[in-house]
Amino acid sequence: MYESSTVAENIKKTAKSANIQLKDMLLDLHLNKNTLSNMYNGSMLKSDSLARIADYLGCSVDYLLGRTDNPETNK
């Protein structure tokens, strides 16, 4: 099982390293501004939302889930 707070932290860290403002990303993806806050409180994203975030950040879903240390996607 994946911890939603860990996934939220990985999203936050990846966005910061890419100089992407979280509020801008969430707005662009039409996600609630409280999405990450909800994740820190135990709510997990739907798979399509997680995939859209990964695409936006230019990394893999596996990276955000913590399944790999390699952020590159396999296309």
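The values are calculated or read from the model by the stated rules, or taken from the named source; none is laboratory data. Quick caveat: nothing in here was measured; it's all calculated off a predicted structure. Cβ: placed from backbone, ideal geometry, glycine included. Neighbour counts: every protein chain shown. Keep in mind that these areas ignore ligands, DNA and RNA; they rest on the heavy atoms of the full protein, side chains included. Shrake-Rupley method; radii C 1.70, N 1.55, O 1.52, S 1.80 Å.
Computed values, structure above
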{"item": "Separation in nanometres of the label points that stand 7 Å from Cα toward Cβ, at TYR2 and TYR40", "result": "2.0"}
{"item": "Burial ranking of peptide ranges 19-27, 35-43, 49-57 (average Cβ count within 10 Å, highest at the top)", "result": "49-57, 35-43, 19-27"}
{"item": "Stretch gain in nm, segment ASN19-ASP69, where the contour uses 0.36 nm per residue and the Cα spacing is subtracted", "result": "16.1 nm"}
{"item": "Extended-chain gain in nm, criterion 0.36 nm per residue less alpha-carbon gap, LEU31 and ASP62", "result": "9.1 nm"}
{"item": "For the chain, accessible area per residue (1.4 Å probe, heavy atoms of protein chains only), Å²", "result": "69"}
{"item": "(i) 12.2; (ii) 14.3; (iii) 18.7, with the label sought being that of the calculated Kirkwood radius over Cα pairs in Å", "result": "(i)"}
{"item": "Estimated FRET transfer efficiency (LYS12, ASP55; beta-carbon r; R0 25 Å; 0.05)", "result": "0.90"}
{"item": "Heavy-atom accessible surface of the chain: percent carbon and sulfur, 1.4 Å", "result": "45"}
